[in-house]
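Participant: Take this structure, written in structure tokens, and hold onto it; I'll ask about it next.
The values are calculated or read from the model by the stated rules, or taken from the named source; none is laboratory data. The structure presented is a predicted model; accordingly, all values stated were derived computationally and were not measured. Note: ideal-geometry Cβ built from the backbone for every residue, glycine included; neighbour counts use all protein chains shown.
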């Protein structure tokens, strides 16, 4: 049994590229062990910015020998009439390096064949590992790659060293001009001219730790957390929690040292997110606040340098942060010399999409869609004015110095809010500017102000209808304009706000508006409706509603979303009740009988032959009145209960009446009656699409 070490040394790799490669190396090695029949007692795979390593112990020296059965020609072809081996049999022996006495007869379903057992010697484990490494490295799953030498191998960063050991022996190989050896390197601050010899895999981690490299990622992460918790901040200060930043910092350093630093207090004049964006997002440092939530001018960075020189390193970091904040303060002061509205004309210089015009064009459309939504919601004039003001200003911050210089692009919306407040805009307008980008992702919150919610829907409707309208429908996982997220946001906001209006009408209005700006595809409206069908179905799935309940409401998907949710929840509550299951079975029969019919004659009561027909029709009139009342009040539980009661008359009808009778006139009248019943049921849901287990109910 021997231990194995594989270390791949690189120039610094971006944090986002590390973990997928670690997982790939681990799964690839495990699959190798399984496929070759080898075993191991322990496995560690991890990374630092400059290396990936795999350590495994107690691996057998070679594969076990395998006894392999070889089937040759059929017996009748292997022997001649005298029982001597034929040329075919002799060729089989020669091919397998065997002798006549090794042969035996194998009987199968297809007849008798000559066969032999052959011992296939197991391969030496170092040879297996060598082949695996040659295959592994070119296929490491880096999302962005570069070619740095004549080998033309594409990796995230140049490969600089290979430390590959089988116990004390180097597994010799060469990849991309780099030869394997027993040499690794410590932390960069110790110098690149200090090779470290690794005698055996067991000393690898300890030697690196002695040379300022904590190679195991989890150990490094826990070290950072411990240092952050133990750093003396004083004055009631506390670190603003940021789990993602801890993960990023872990992948940026090999030997972490948490260092407390500060910036000039004058920069606290800036809005908080500008400061924290500079510190956390740009500089990967931790922001600090007081107990009452006010931002402090202190921050913490995780150094990868020599801890003895932390003071010098701290001054360098403080200079960088101060310089960035000085820029931000200048941007802020220059931008706020004029009101936010003054930036709106400059939106003509920013292209939204080549076929859909500039951001100024988009802003005009957002204003008109906002006005239309206000009309749908019957809003009072003061609230409508707030929403329209929000729509006018919502994109203005894109051309400010703060965002135009590309330093703080992730703060779009937030910058607009701060500038609106600085310019004296109403709070709801300022907050709405910030909120109109919500939700920014699957876990983001929804707009809290009415103006923010309206403009968010207007903005997203313009994007979805515009992008799909010009034929750029997202396919598979490709969605460069993020219109799935935008459409999800539309249906989420409408449901959250309980806005009772027809989504189809909003789609139609938006597409008609877009026709003034560009040429849409002939199928634009149908394409957009199909797309929103999928998004509404997605929303209902998030509410844990059954797939067939969602299917039963498909014909109503783009009408009134909050109303649709109420219907779905009512159906979900009733679907397992026995009397409702009987109703579903009866309605499926109604639906199936007339499913293939394209034309229906008017219903004629004088053609009713049996009392069950007359009762079924008269009760249908009562049902129609009841459903009218239930729909007015959105009382879907009562509506379903009324359908259940009516189900008895359906059952009686089918028991007494032969629907597909020989008389074509009577048969057509039966169909007309069933059609009216189906239409009435569809006002609530198409329950024929519900899946029921009839065997549990004796049907």
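So that you can scan it fast, the table gives a plain yes or no per residue for (1) more than 20 Å from residue 464 (Cβ to Cβ); (2) assigned by TED's automatic domain parsing to the domain that holds residue 516; (3) touching a residue at least 40 places away in the same chain (Cβ under 8 Å); (4) surrounded by fewer than 18 Cβ atoms within 10 Å (Cβ to Cβ):
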{"site": "349", "(1), (2), (3), (4)": "yes, yes, yes, yes"}
{"site": "366", "(1), (2), (3), (4)": "no, yes, yes, no"}
{"site": "382", "(1), (2), (3), (4)": "yes, yes, no, yes"}
{"site": "385", "(1), (2), (3), (4)": "yes, yes, no, yes"}
{"site": "392", "(1), (2), (3), (4)": "yes, yes, yes, no"}
{"site": "403", "(1), (2), (3), (4)": "yes, yes, no, no"}
{"site": "411", "(1), (2), (3), (4)": "yes, yes, yes, no"}
{"site": "419", "(1), (2), (3), (4)": "yes, yes, yes, no"}
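Participant: I want to confirm something. Restricting to segment 211-243 and keeping residues that are outside any helix (DSSP H, G or I) and surrounded by fewer than 12 Cβ atoms within 10 Å (Cβ to Cβ), which single residue is nearest to the chain's Cα centre (by Cα)?
Facilitator: Restricting to residues being outside any helix (DSSP H, G or I) and surrounded by fewer than 12 Cβ atoms within 10 Å (Cβ to Cβ), the top hit is 241.
Participant: Just one of 597, 605 is surrounded by fewer than 12 Cβ atoms within 10 Å (Cβ to Cβ) and in contact with a helix residue (DSSP H, G or I) (Cβ under 8 Å, 6 or more places away or on another chain); which is it?
Facilitator: Every option except 605 fails the conditions.
Participant: Among the numbered criteria (1) within 20 Å of residue 161 (Cα to Cα); (2) in contact with a helix residue (DSSP H, G or I) (Cβ under 8 Å, 6 or more places away or on another chain), which single criterion is violated by residue 36?
Facilitator: (1)
Participant: Name every residue in segment 421-433 that is within 16 Å of residue 273 (Cα to Cα) and either crowded, with 24+ Cβ neighbours inside 10 Å or touching a strand residue (DSSP E or B) at 6+ places or on another chain (Cβ under 7 Å) (or both), in order of residue number.
Facilitator: 430, 433, listed by residue number.
Participant: I've got another one for you. How about segment 301-408: which helices (runs of 4 or more DSSP H) wholly inside it have at least 1 residues that are in contact with a strand residue (DSSP E or B) (Cβ under 8 Å, 6 or more places away or on another chain)?
Facilitator: 310-335, 359-376
Participant: Has segment 613-621 got at least one residue that is assigned to a helix (DSSP H, G or I), at pLDDT 90 or above, surrounded by 19 or more Cβ atoms within 10 Å (Cβ to Cβ) and within 39 Å of the chain's Cα centre (by Cα)?
Facilitator: Within segment 613-621, none of the residues are assigned to a helix (DSSP H, G or I), at pLDDT 90 or above, surrounded by 19 or more Cβ atoms within 10 Å (Cβ to Cβ) and within 39 Å of the chain's Cα centre (by Cα).
Participant: Here is a further query. Could you please find all residues in segment 164-180 being surrounded by fewer than 17 Cβ atoms within 10 Å (Cβ to Cβ) and either over 12 Å from residue 151 (Cβ atoms) or touching a residue at least 24 places away in the same chain (Cβ under 8 Å) (or both)?
Facilitator: The answer is 167, 168, 169, 172, 173, 177, 179.
Participant: Looking for something within 39 Å of the chain's Cα centre (by Cα), in a helix (DSSP H, G or I), surrounded by 13 or more Cβ atoms within 10 Å (Cβ to Cβ) and modelled with pLDDT of 90 or more - is there at least one such residue anywhere in segment 640-648?
Facilitator: yes
Participant: Looking only at strands (runs of 3 or more DSSP E) that lie completely in segment 37-143, which have at least 3 residues being free of Cβ contacts under 8 Å to residues at least 60 places away in the same chain and surrounded by fewer than 16 Cβ atoms within 10 Å (Cβ to Cβ)?
Facilitator: Those strands (runs of 3 or more DSSP E) span 66-74, 104-108, 111-120.
Participant: Would you confirm whether or not segment 277-284 contains a residue that is touching a helix residue (DSSP H, G or I) at 6+ places or on another chain (Cβ under 9 Å), modelled with pLDDT of 90 or more and surrounded by fewer than 21 Cβ atoms within 10 Å (Cβ to Cβ)?
Facilitator: yes
Participant: Another question, if that's okay. Would you tally the residues in segment 147-162 being within 31 Å of the chain's Cα centre (by Cα) and exposed (fewer than 12 other Cβ atoms within 10 Å of the Cβ)?
Facilitator: Qualifying residue count for the region: 0.
Participant: Give segment 191-205 a look and list any residue that's touching a residue at least 24 places away in the same chain (Cβ under 8 Å) and part of a helix (DSSP H, G or I), or say none.
Facilitator: 201, 202, 204, 205
Residue by residue, here is whether (1) assigned by TED's automatic domain parsing to the domain that holds residue 671; (2) within 39 Å of the chain's Cα centre (by Cα); (3) modelled with pLDDT under 90 holds:
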residue	(1), (2), (3)
527	no, yes, no
533	no, yes, no
555	no, yes, yes
562	no, yes, no
565	no, yes, no
576	yes, yes, yes
605	yes, no, yes
610	yes, no, yes
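Participant: Write out, first by first residue and then by second, each pair whose Cβ atoms fall under 6 Å of each other, whose residues are 6+ apart or on separate chains, and whose first residue, in segment 499-518, is surrounded by 15 or more Cβ atoms within 10 Å (Cβ to Cβ) while the second is part of a loop (DSSP other than H, G, I, E, B).
Facilitator: From residues that are surrounded by 15 or more Cβ atoms within 10 Å (Cβ to Cβ), the pairs are 503/558; 504/558; 518/355; 518/356.
Participant: Looking at segment 11-18, can you tell me whether even one residue there is surrounded by 15 or more Cβ atoms within 10 Å (Cβ to Cβ) and within 21 Å of residue 169 (Cβ to Cβ)?
Facilitator: No.
Participant: Is it the case, given these coordinates, that residue 208 is in contact with a helix residue (DSSP H, G or I) (Cβ under 9 Å, 6 or more places away or on another chain), in a helix (DSSP H, G or I) and closer than 23 Å to residue 305 by Cβ?
Facilitator: In short, no.
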